[in-house]
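See below for the structure under consideration.
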Amino acid sequence: MGYVLRVRLASFFSGAATASFAGLYILHRDYKLAHQSFTQQMNDLHQSLESRISTLEKLKQTEASEQVGSTE
């Protein structure tokens, strides 16, 4: 009886360790994918804001040059 119990406990713990490893691997992969997705979204937002800012700066420069041209 003791031998069968040891075999069952060993099987249980090896299965639990394998399941834990697989779960941690899946969580780690999911975390990496979420981090990459979030980083890509922030980069896209940053590029969008940079283009808007540069457009506004160009608009401001053209308005300033028109005002300087109209006063002369």
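Below are the figures for this structure:
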item	result
Residue check, F12 modelled with pLDDT of 95 or more, under 13 Å from the mean Cα position of the chain (by Cα) and part of a helix (DSSP H, G or I)	no
Out of S54, S65, sole residue that is open to solvent by less than 100 Å² (accessible area, probe 1.4 Å) and under 38 Å from the mean Cα position of the chain (by Cα)	S54
Set L49, L27, L9: member being at negative phi, open to solvent by 100 Å² or more (accessible area, probe 1.4 Å) and among the hydrophobic types (A, V, I, L, M, F, W, C)	L27
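The values are calculated or read from the model by the stated rules, or taken from the named source; none is laboratory data. These numbers were taken from a predicted model, which means no experiment stands behind them. Each accessible area value is taken on the protein alone, full model and side chains, heavy atoms only, with ligands, DNA and RNA left out. Shrake-Rupley method; radii C 1.70, N 1.55, O 1.52, S 1.80 Å.
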